[in-house]
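One structure is given below, encoded as structure tokens.
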Amino acid sequence: MKRILVPTDFSDCAQAAADVAIAIAVKTNAEIYFLHLHTPEPTGGHMAMHGGGSHEGHPHHDCSGPARASLDQLIKAAEQKGISAKSALVLDEDWEQVEKHAEAFSIDLIIMGSHGVKGIRRIFLGSHALQMIRHTDLPVLIIKSATADFKIRSVVFVTTLEERELEALALLDQVTCPWNAIIHLLYVSKPMTSEETNGSLGKIKQLTKGLITPVEFSICNEEAEIKKVARDLDADLVVLTTHGHGSLIRAVSSGLAEKFAAEYESPVLIINTK
């Protein structure tokens, strides 16, 4: 875990995401990149990026002074904790810019604030955070509200017991190990026979081989029970995986992840796997 990207609109939930990013960076010694997409006002000129370079685009008037000041405040807050931080201000509201900068900065994790969008509005509108889940192949940590002293002590990892989760668990281990956390593997399945249970335990052994973070395992019978299990375990983080863009079942796997991320109030980490 070397680089964290925090897209921000300076809202309360975006500030909460920035605070969580700083807390994680302190533990993992990661560098933070704060990114703000600023809507340009039409007049005439070019598009400028705070932190390096400019490129031609639609005419605009650069009235981004307050945004630059807010980015500077975020950098100052990170540096006060001993974290290296940089910022970029892009005069373009297209959220594809987030992915472009994530690639340019070699980002390992995106942390975003989200107000959450439920029901029929989620289907038609979504949110910027949910758009990122759909379109990026990077892990996305969704933060809904501020936490006075963010910690990761207990994590629920919703598992399908597939080999593709190896990379996701390895990445999670980098985040959880410095906190001395526990990972609870939660398998959503119908009730299993003893033979099926033994087979599942064998898969778990393979998945968790080499992890430093201690692992526990449990089973629930319905997707709706994930929230109950997370609350019963007082989980600080719930992790779900989706398949990568090349997979035919990406839409199915991301559907559960999107729904859960939209409706669950505590931090949710979505890791896209190949």
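Side notes on the structure shown:
- Alpha-carbon centroids, the stretch 146-182 and the stretch 81-95: separation in whole Å: 26
- In terms of surrounding Cβ atoms within a 10 Å radius of their Cβ, Met132, Met112 rank from fewest to most as Met132, Met112.
- In this structure, the amide hydrogen of Ser154, modeled 1.01 Å from its nitrogen in the peptide plane, lies closer than 5 angstrom to those of Ile182, Asp236, Leu237, counting only residues at least 5 positions away or on a different chain.
- Chain lengthening between Glu196 and Val26 when straightened (0.36 nm per residue, less Cα-Cα): 57.1 nm
- 3J(HN,Hα) from dihedral phi, the stretch 18-33, Karplus parametrisation 6.51/-1.76/1.60, rounded to Hz, x for glycine, proline: 4, 5, 5, 4, 5, 4, 5, 4, 4, 6, 9, 6, 8, 9, 10, 10
- Ordering Leu233, Leu5 from the fewest to the most neighbouring beta carbons within 10 Å gives Leu233, Leu5.
- Near Glu216, the amide H atoms lying under 5 Å from its own belong to Ile183, His184, Leu185; only residues 5 or more places off or on other chains count, and H is placed 1.01 Å from N.
- Spacing of the two label points (7 Å from each Cα toward its C-beta) at Leu166 and Ile212, in nm: 2.1
- Close amide H partners of Gly113, meaning residues 5 or more places away or on another chain with modelled amide H under 5 Å apart, are Ala17, Ile143.
- Applying the Karplus relation 6.51 cos²θ - 1.76 cosθ + 1.60 with θ = phi - 60° to the stretch 141-148 yields 3J(HN,Hα) values of 9, 9, 10, 9, 8, 5, 10, 4 Hz, where x marks Gly and Pro.
- Near Leu237, once Lys and Arg are set to +1 and Asp and Glu to -1 for all other residues with Cβ below 14 Å from its Cβ, the sum equals +2.
- Integer Hz, Karplus 6.51/-1.76/1.60 couplings in order for the stretch 103-110, x for Gly and Pro: 5, 5, 8, 6, 6, 9, 8, 9
- Compared with the alpha-carbon gap, the fully stretched path from Glu93 to Lys228 is longer by 44.8 nm at 0.36 nm per residue.
- Two-site label geometry, Asn221 and Gln73: point separation in nm, points 7 Å out along Cα→Cβ: 5.1
Only the coordinates and a few stated rules stand behind these numbers; no lab work does. If you're wondering where the values come from, they're calculated on a predicted model, not measured in any experiment. Here the Cβ is made from the backbone with ideal geometry for all residues, glycine too, and neighbour counts use every protein chain on show.
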